[in-house]
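The values are calculated or read from the model by the stated rules, or taken from the named source; none is laboratory data. Keep in mind it's a predicted model, so treat the numbers as computed, not measured. Using ideal geometry, Cβ is built from the backbone for each residue, glycine included, and neighbour counts are taken over all protein chains shown.
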Amino acid sequence: MKFDLPSLRSRPHGWLIAAAFIAAAAPAFALKYAAVEHHLKADPALPVWKPGPVTSVPEEELNLVGADIMDEITLGWIKLFRPAYPRLSVTMEARASGSGVPALTAGIAHMAPVGREALPAEHDAFVKKFGYEPFAIKVATGSLGSLGKTATSIVLVAKDNPISGLTFKQLDQIYSKSHNRGGSEITTWGQLGLTGEWANRPIHTYGLKPPNGIEQFVKWKVLQNGEWRDGIQNVKGIGFTHAFTVASNDMHTQLGGLTYALLANVTPDVRVVPLAEKDGDPFIMPTIETVYQHTYPLSRYVYIYVNRPPGQPLEPKIKEFLKAVLSKQGQDVVAAEGVFMPLLPAVVQEELAKLN
């Protein structure tokens, strides 16, 4: 979703007009609907935001360009922030996650809300221009299973597959040819301990053709940026979520099938496999609680990216906005949406420490 706001920025109270335009334009831009998934509250231990000093000239801009899927929480943060700094003209252009880091690279955004990690091409273009990494701050936990908002990644197998759980090392041995987690290639279910008719059954892997936000997340988190093995069936459909459903539906013929996916892609032909990040860890299923607590190992975050040269302080207006986002009030905004989840206090403290 794209909002053409340059003319608004030059007008008094431009951010209010932009907000009204966003609300009015939502149906025309076909925002993804996401049903409420939870009724979590932001932890009361989170720090309360007390606006600090920000010197600015009248109508000085603070521009946010990025994810349409983060539009509601981003607008909520703007509403929290704006009254404290009436001289600032705060704008939001909720186009897509893929617009965020490129907008920083082009110098047209101060901050980029992004519903995933930066893709390699986005990251590399930024580094090529500036010579350093884009600065990333975690601002919320992803959703449990919403098709419209960054969702927890899961692993699916055929419904009659007796596997009790999988570790990241095993998934790396199945999906990667780099094996950055050690071990050798796994190609049959018998190598994972299954017996009988499953002992010699090949593992049929499904996936998405790179680059894709979910594919890149699994590659980073599970494969430790290793290379995908050859022979993965890259499923296609109307968007990546439909593609995962294609894989799920195909498992009634491919009983040895295995795919990463989303909870929204579960069909009667498949079941969700509990996961463990390390050998010896308990296998965990994705639930509201395990995703919120990040005990489920494929829980996700969403981010705000900033162009911050190493060793240089953040601009006061950017730092204050991020402090507001990471405050009790800012995480109340996240919780109130009912889809993305607020951050844990320990994560907030880690992210606040990065701002100094």
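Of all the criteria given as (1) part of a loop (DSSP other than H, G, I, E, B); (2) at pLDDT below 95, the one not satisfied by Asp230 is (2).
Condition check ((1) under 17 Å from the mean Cα position of the chain (by Cα); (2) free of Cβ contacts under 8 Å to residues at least 24 places away in the same chain; (3) over 23 Å from Tyr206 (Cα atoms)) across all residues:
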{"residue": "Phe81", "(1), (2), (3)": "no, no, yes"}
{"residue": "Val90", "(1), (2), (3)": "no, no, yes"}
{"residue": "Arg95", "(1), (2), (3)": "yes, no, yes"}
{"residue": "Glu117", "(1), (2), (3)": "yes, no, no"}
{"residue": "Phe126", "(1), (2), (3)": "no, no, yes"}
{"residue": "Ile137", "(1), (2), (3)": "yes, no, yes"}
{"residue": "Ser153", "(1), (2), (3)": "yes, no, no"}
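Given the condition out of contact with any helix residue (DSSP H, G or I) (no Cβ under 9 Å at 6 or more places or on another chain) and at pLDDT below 95, answer yes or no: does some residue in the stretch 54-63 qualify? Checked the stretch 54-63: at least one residue is out of contact with any helix residue (DSSP H, G or I) (no Cβ under 9 Å at 6 or more places or on another chain) and at pLDDT below 95.
Counted as qualifying within the stretch 50-145 are the strands (runs of 3 or more DSSP E) with 1 or more residues that are charged (D, E, K, R), namely 60-66, 88-94, 135-141.
Yes/no matrix, rows are residues, columns are (1) among the β-branched types (Val, Ile, Thr); (2) outside any loop (DSSP other than H, G, I, E, B); (3) at pLDDT 95 or above:
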| residue | (1), (2), (3) |
| --- | --- |
| Phe217 | no, yes, yes |
| Gln224 | no, no, yes |
| Lys236 | no, no, no |
| His242 | no, yes, no |
| Thr245 | yes, yes, no |
| Asn249 | no, yes, no |
| Ala264 | no, yes, no |
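Inspect the stretch 148-168 for any residue being outside the structural domain of Met70 (by TED's automatic domain parsing), modelled with pLDDT under 95 and not in a strand (DSSP E or B) and give the result as yes or no. Within the stretch 148-168, one or more residues are outside the structural domain of Met70 (by TED's automatic domain parsing), modelled with pLDDT under 95 and not in a strand (DSSP E or B).
Given Arg229, Arg271, Arg201, which one is under 21 Å from Ser146 (Cα atoms), out of contact with any His (no Cβ under 7 Å at 6 or more places or on another chain) and in contact (Cβ under 8 Å) with a residue 24 or more places away in the chain?
Details: Arg229 fails: under 21 Å from Ser146 (Cα atoms); Arg201 fails: under 21 Å from Ser146 (Cα atoms).
The conditions single out Arg271.
If the condition is being β-branched (Val, Ile, Thr) and either modelled with pLDDT under 95 or farther than 27 Å from Val339 by Cβ (or both), then the stretch 126-140 contributes only Val127. With respect to being in the same structural domain as Met251 (by TED's automatic domain parsing), of a type in the set (Lys, Arg) and farther than 24 Å from Arg116 by Cβ, Arg201 fits the description. Restricting attention to the stretch 104-125, does a residue exist that is closer than 28 Å to Glu289 by Cβ, at pLDDT 95 or above, surrounded by fewer than 18 Cβ atoms within 10 Å (Cβ to Cβ) and in contact with a strand residue (DSSP E or B) (Cβ under 6 Å, 6 or more places away or on another chain)? No, the conditions are met nowhere in the stretch 104-125.
Whenever a residue of the stretch 320-345 is within 16 Å of Glu72 (Cα to Cα), its partners that are part of a loop (DSSP other than H, G, I, E, B) and among the polar types (S, T, N, Q), lying with C-beta atoms within less than 7 angstrom and at least six residues away or across chains, give the pairs Val339/Ser146.
Filter the stretch 202-230 down to residues that are surrounded by fewer than 16 Cβ atoms within 10 Å (Cβ to Cβ) and in contact with a strand residue (DSSP E or B) (Cβ under 7 Å, 6 or more places away or on another chain) and give me whichever is nearest to Ile154 (Cα to Cα). Of everything passing the filter in the stretch 202-230, Lys209 is nearest to Ile154 (Cα to Cα). For the stretch 174-187, filtered to residues that are in contact with a strand residue (DSSP E or B) (Cβ under 8 Å, 6 or more places away or on another chain) and touching a residue at least 24 places away in the same chain (Cβ under 8 Å), the residue that is farthest from Thr259 (Cα to Cα) is Lys177.
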